[in-house]
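Each remark here refers to the structure printed beneath this line.
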Amino acid sequence: MEGIRDQEAQSRYLERIPANRNGRIHLVSVRSIERIEAMGNYAQIHARKESYEIRDTLQSLEKKLDPAQFVRIHRSMIINLDFVSEVQTWFRGGHQVVMKDGTEVRLSRYQTGAIEKLTGKQRNGR
């Protein structure tokens with residue numbers, strides 16, 4: 001039964017995202033996505049050193065992606081935990097996330113769940 005539940009949970013989330021690049025539609029594997037940035041009603045997917053555009057909001061994408069693999073770290077950014085190199089403590093309780101490709105992205109201090117997921121530590125003594 002447990003295996004069936006795991007399969008059902010996995011099938012609820014996207015495995016590929018159709019995305020536009022150079023006027024062509026590419027099927028981007030969700031596992032290859034490093035991060036997704038908001039651009040108004042569009043989003044820019046960064047995967048395998050390539051960038052793709054999709055007409056979707058981060059709020060909508062967040063619901064379609066596996067929360068065990070993806071975390072929203074800022075109102076304009078979702079990252080894939082598999083591509084995080086390190087989390088650096090910043091001033092005033094902030095953090096910065098360094099991706100494996102060297103990209104540095106700011107972690108909103110209001111995204112408490114993201115901080116806990118990235119560091120494995122609960123904040124405020126919980």
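The values are calculated or read from the model by the stated rules, or taken from the named source; none is laboratory data. This one's a predicted model, so the numbers in the text were calculated from it and none came from an experiment. Counting neighbours? That spans all protein chains shown, and the Cβs are built from the backbone with ideal geometry, glycine included. All accessible areas refer to the heavy atoms of the entire protein, side chains included, with ligands and DNA or RNA removed. Shrake-Rupley method; radii C 1.70, N 1.55, O 1.52, S 1.80 Å.
What the table shows:
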item	result
Solvent-accessible area of Asp101 with every protein chain in place, 1.4 Å probe, in Å² to the nearest 10	80
Where the range 32-71 is the region considered: accessible area per residue in Å², 1.4 Å probe	53
Separation in nanometres of the label points that stand 7 Å from Cα toward Cβ, at Glu15 and Lys64	1.6
Cα-centred dipole magnitude for the range 14-126, charges only on beta-carbon of K, R (+1) and D, E (-1), debye, nearest 20	260
Reach of Lys117 by Cα under 21 Å, taken over lysines that are not fewer than 8 positions away in the same chain	Lys63, Lys64, Lys100
